[in-house]
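This report concerns only the one structure given below.
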Amino acid sequence: MSFRPGLRLLNSQLPLFYRELTGPRCRYVSNGLALNSEKRASDFNSFVGRTNTCGELRSAHVGQEVTLCGWIQYQRQGLFLVLRDFQGQTQIIIPQDEAHSHVKKVLCHAPVESVVRVTGTVASRPPEQKNPRMQTGDIEVKAKTAEVLNSCKKLPFEIKDFIKKSEALRMQYRYLDLRSFQMQHNLRLRSEMVMRMREYLCNLHGFVDVETPTLFKRTPGGAKEFVVPSREPGKFYCLPQSPQQFKQLLMVGGLDRYFQVARCYRDEGSKPDRQPEFTQIDIEMSFVDQAGIRRLIEGLLQYSWPSERGIITTPFPSMSYAEALAVYGTDKPDTRFDMKIIDVSDVFRSEEIGFEQKSVKSQGTVKAICVAEGARYLQDKDFESLKESANSQFNQEVLHFILKPGESLKPPLHRFLSEQQQMELIRVLQVQADDVVLLAAGEHKKVCSMLGHLRLESANLLESKGLVLRDPTAFHFLWVVDFPLFLPKEKNPAELESAHHPFTAPHPSDTSLLYSEPVKVRSQHYDLVLNGSEIGGGSIRIHNAEQQRFVLQTVLKEDPELLSHLLEALECGAPPHGGIALGLDRLICLMVGAPSIRDVIAFPKSFKGRDLMSNAPDYVTPEELEPYHIQIAWPAAEAEANKN
C-alpha cells in the first residue's frame, strides 16, 4: 500500500508498521515523519519574537541569553519585576549600573500589566532566594535590554486569582479576566480535551467531522428557539437547539458515523449550568444499539480524560429511570454520598398518623431519608429551612425526628408509634444515634422528587458546617436508562409531550404499546450523569417514516409538515441509527470544579443572557430593520421615552 507524504488516512488503513510508528498519541503526519504529540518547548517559540516562554526556564538554562515577552505582574522597588505569560512567571533582575540606566528607566516606569520584551542572561538565584512555589523559582533573568511593547492604563481590578471580583465585573472586562491563571488553565484544558476527542473519534474510529447549518427553521417541541429575520416578508430562520435533524439526515446520506463540536442555541436565559449558546460534542452512528453508544462514550472519555484528574474505570454503572427516581428522587443522582430514599409505608399502614395514614390509604406512599449525624450539625433553623423548601417548591409537608442515644424517638412520632413499631422504623432506616430522619407522604413521584431535593439541600447544609460528604476530586459516572417515551404536559396532563425529543425510538419490548397506551412506553433514551449533573443524553432514533409520523401527528399532536424533509428522508432507505450529545461546557466545569459553566467559556453570557462586555443584545434602527419587514411595537412608556 502506498500513500503520498502528508496524506492523512484512517488509522485502520495504514500498514501495521506505520500504525506502530505513529501510535494513538501521534497527532500529525507530515512528509512521512511522525511527530510526538507531547508539547515541546520549542514549539511555543516558533514564528515569534522570543526565545522562551516565561514558564519554561530552569537551572539547565543558566548562562544562556534569552528573550522573553509578557505582562508585568508586579515590580518591587526598582530592583526586580515578575514577567508573566500564558505558561508561567519569570523573575527579571533590573540592572542598577549606569551603563544600563536606560533599561532600568524603561522597566521601572512601565505600569503593571504593560507588555514588555526583555533580553537577558539566565542566572541561578541565591539559595536563600529560591522560590519553590514558582516553576522557574530556581533561576532569574538579568536584563540587558528592555522594550515596552504596549503600556497599560490603570485596570478595574488586579490580575490575581486571589483578588475577589464580582462576576459582573469579570464579564464586563472579560479580556482582562482571561489573563488569570484559572481561566487560562480552564480554556487550555478544554482545548486539549477536545483535541483528544477528535483523535479518538476521527483517527481511531473513522468518524467524519461535519459542520451543520446554524440558520434553520422552527422545530416542534423542546426549548424555545432564537428567531432570526430574513428578507422574505413574514419568514424567519431559527437557530438550532442542536444538530439533531442534520445528524440523522447524515446517516440517511450514508456517512455512517458523524461527529461535530457543535454550537447550540436555546432562548432560555442563563443558569449556573446553562447558557443561551453552548457547545456539544455531537455524535451519531448507523447500525448501532444502545450498548454500542455507551461503549463508545466510555472509551472516548477514558481516552481524553486528563491524567491529573485520575483514572476513569469502565464500564460505567447504569440505573433505570424508575430506580433513580425511587432511590435518589431525581433522574440525575449524585452517587458520591448515600442518604438514599427508603419506603417505610408498611410501618405506618395500620397507624392513625395524620397525613401519612391518609396517603397510605389512598395508595400513596410514606418515604424517608436518614441524615447521618444530622443532630450534631443541624439546628432548628436548618430544619425549618428544609420544611419551607418542601412547602414552597413542592407543596409538601415534611416531618423530622431525631434518634437519641437511648434509642427513643424525639417528638412527634413517639406519641403515635408503639415501642415495637419505633424499633421497626429504626431497623428499616438503619438509624444510628444522632441521625435525623426526614419523613414525607403522598404520591410516589412527588414525594420522591421532594425528598431528592431535600437530600441535596441537607448535604449542602452539612458541608457548609464542615462535614465533607462529596469528594470534590471524585468523578462518579452513571448511565440512566429506560426513561418513559412520553410525559403528561405540566399545564395539560391529558396531552403528552416527548420526554427526550420526538425522534426517540420506543423500547423494543414496548413497541406495541405505542399504538394503544403510549404513556406506558419506555424509550431507548439514555443519559450520562456525572456527580449529579447530566453531561450527556442520546437515544436510538426512529428510522421508520410511518412510526415517526404517528408519533408526531397522533401522539404529540404536532403538524408533520414542519418535518416533511425528515419524514421524506426516512422513506428513502434510512438505516437504523442512534447517537448522543455530550455537554462540553458542563463536563469541563465539573472536571475543574468551577462554580459555573461561565468559568470554562471564553466569552459567556450573563445570568440574564446578556454580553456585558459588548452590551449585546443592542438596539437596531428602524432603517436597518426595514429590509426585514419588521417594526418594533414599543411598550407605551418606552415609546414615549424614545420620542423624547
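Structure summary
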{"quantity": "Surface accessible to a 1.4 Å probe, Lys160 within the full protein complex, Å²", "calculated": "50"}
{"quantity": "Length-normalised contact order for the chain - Cα pairs under 8 Å, 6+ apart - percent", "calculated": "12"}
{"quantity": "On Cα atoms only, tilt of 181-198 relative to the major axis of the chain in degrees", "calculated": "70"}
{"quantity": "³J(HN,Hα), Karplus 6.51/-1.76/1.60, whole Hz, each residue of region 150-159, x for Gly, Pro", "calculated": "6, 7, 10, 7, 5, 8, x, 7, 7, 8"}
{"quantity": "Heavy-atom surface of the chain, accessible at 1.4 Å and reported per residue (Å²)", "calculated": "52"}
{"quantity": "Virtual paramagnetic centre 7 Å along Cα→Cβ of Ser464, amide N under 19 Å, in region 581-600", "calculated": "595-596"}
{"quantity": "Rounded to 10°, Cα long-axis angle of helix 444-464 versus longest principal axis of the chain", "calculated": "40"}
{"quantity": "Solvent-accessible surface (1.4 angstrom probe) belonging to Val468, in square angstrom, nearest 10", "calculated": "110"}
{"quantity": "Sequence of Ser523, Ser242 when ordered by accessible area, the most exposed leading, probe 1.4 angstrom", "calculated": "Ser242, Ser523"}
{"quantity": "Extension gain (nm, one decimal) between Lys144 and Asp559, 0.36 nm per residue minus Cα-Cα", "calculated": "141.9 nm"}
{"quantity": "FRET efficiency, Lys224 to Glu419 (Cβ-Cβ, R0 51 Å, nearest 0.05)", "calculated": "0.35"}
{"quantity": "Dipole magnitude of the chain about its Cα centre (Cβ charges: Lys, Arg +1; Asp, Glu -1), debye to nearest 20", "calculated": "1980"}
{"quantity": "Degrees separating the helix 290-304 axis from the principal Cα axis of the chain, which is the longest one", "calculated": "30"}
{"quantity": "Phi-based couplings in Hz for region 65-74 (Karplus 6.51, -1.76, 1.60; Gly and Pro marked x)", "calculated": "8, 10, 10, 10, 10, x, 9, 6, 6, 6"}
{"quantity": "Förster radius 60 Å - calculated FRET efficiency between Ala123 and Lys608, Cβ distance, rounded to 0.05", "calculated": "0.70"}
{"quantity": "Computed accessible area, Asp618, all protein chains, 1.4 angstrom probe, square angstrom", "calculated": "110"}
{"quantity": "Virtual paramagnetic centre 7 Å along Cα→Cβ of Lys381, amide N under 20 Å, in region 444-458", "calculated": "457-458"}
{"quantity": "Debye intensity ratio in log₁₀ form over the Cα atoms of region 551-597, taken at each q of 0.16, 0.19 Å⁻¹", "calculated": "-0.68, -0.73"}
{"quantity": "Exposure rank, largest accessible area first [His565, His577, His629, His501; 1.4 Å]", "calculated": "His629, His565, His501, His577"}
{"quantity": "Rel. contact order, % - alpha carbon contacts under 8 angstrom, at least six apart, region 504-644", "calculated": "15"}
{"quantity": "Accessible surface ranking that places the most exposed of Trp305, Trp71, Trp479 first, with a 1.4 angstrom probe", "calculated": "Trp71, Trp305, Trp479"}
{"quantity": "Loop chymotrypsin sites (Phe, Trp or Tyr not before Pro), region 90-193, which have at most 12 other Cβ atoms in a 10 Å radius of their Cβ (DSSP)", "calculated": "Phe162"}
{"quantity": "Heavy-atom accessible surface of the chain: percent carbon and sulfur, 1.4 Å", "calculated": "52"}
{"quantity": "Helix-only [θ]222 nm of the chain, DSSP H runs n ≥ 4, -39500 (n - 2.57) each, per residue, nearest 500", "calculated": "-7500 deg cm²/dmol"}
{"quantity": "Selected from Thr121, Val620, Leu582, residue furthest toward positive end of dipole (the chain; charges at beta carbon)", "calculated": "Thr121"}
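The values are calculated or read from the model by the stated rules, or taken from the named source; none is laboratory data. Quick caveat: nothing in here was measured; it's all calculated off a predicted structure. When we count neighbours, we look across all protein chains shown, and the Cβ atoms used for this are built from the backbone with ideal geometry, even at glycine. Note: accessible area is taken over every heavy atom of the protein model, side chains too, but ligands, DNA and RNA are not part of it. Shrake-Rupley method; radii C 1.70, N 1.55, O 1.52, S 1.80 Å.
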